[in-house]
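The values are calculated or read from the model by the stated rules, or taken from the named source; none is laboratory data. Since this is a predicted model, take the numbers as computed values, not measurements. Counting neighbours? That spans all protein chains shown, and the Cβs are built from the backbone with ideal geometry, glycine included. The area values use the complete protein model at the heavy-atom level, side chains included, leaving out ligands, DNA and RNA. Shrake-Rupley method; radii C 1.70, N 1.55, O 1.52, S 1.80 Å.
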Amino acid sequence: MLGKTREMWKPLTKAVAKPFASLGVPPNLFTFFGVILAIIAAYFISQEKLLEGAIFALLAVSIDLFDGEVARLQGKESLFGNYFETMIDKVVEIVLFIGAAFLFPLAAIFALAFSLLVSYAKPRVALVIITDNRDWPAIGEHAERMLIFILGLFLSYYSHHLFGVHPLETALWVIAGLTLIGSIQRIFYAKGLIEEAERKGNVLPYLKK
């Protein structure tokens, strides 16, 4: 859902991306900075330095808002760049959850597991049918997960016990719950797409009877 608001932020993302584009930073290298920032964030989180962790996590996740614009401004957009950006987004997310696992292992494992599942549900369909990047059910998508995670970090800095529960742990369980629901949604949606493809003959050739 939040991913659909990107157009609203375009003037801001362009303004921030311009200096990096002017410096000639290669777009894929700029994208990779997100991993470095995520590792720093994960270290601070594991040491319970949650404000520092929140700041670096925010910076790591924010790279995703600007790297595409850096590529556009430099005239270096590419299909591989789009693929690489998505893979780095997943690496950043995994690293942040690993940092949280030092504090709340069970909640972090469930959050990571269902986050990977909801992400996998969409591309896996492309191994069965000919499809496009149409609008899928979007509960628990990447932007929402990261927003909840970072909010949990900031709240944890101000209070370790919000209504008797640690805010970061609560955020992880909320992410786990949302992504579980999102995964179920996407499985049913995929079922509809596959049945539609079978009727229209759009199943991939190697699966046709």
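A few remarks follow.
- Under Karplus coefficients 6.51, -1.76 and 1.60, residue-wise ³J(HN,Hα) of segment 171-186 in Hz, glycine/proline x: 4, 5, 5, 5, 4, 4, x, 5, 6, 5, 4, x, 5, 5, 4, 6
- In this entry, segment 80-179 is assigned a mean projected area of 7.1 nm², taken as a quarter of its C-alpha convex hull surface.
- For the chain, dividing the convex hull volume of the Cα atoms by the residue count gives 135 Å³ per residue.
- Length gained on full extension, Lys18 to Val165, computed as 0.36 nm times the residue gap minus the Cα-Cα distance: 48.7 nm.
- Think of it as helices only: each DSSP H run of n ≥ 4 in the chain is worth -39500 (n - 2.57), and spread over all residues that comes to -25500 deg cm²/dmol at 222 nm.
- Anisotropy class of segment 39-125 from Cα gyration tensor, a/c 1.5 cut: oblate
- Per residue accessible area in Å² of the chain, where ligands, DNA and RNA are left out and the probe is 1.4 Å: 57
- Rounded to the nearest 20 debye, dipole of the chain from Cβ charges on Lys, Arg, Asp, Glu: 600
- Computed over segment 83-183, relative contact order equals 37 percent, with contacts defined as Cα pairs under 8 Å that lie 6+ residues apart.
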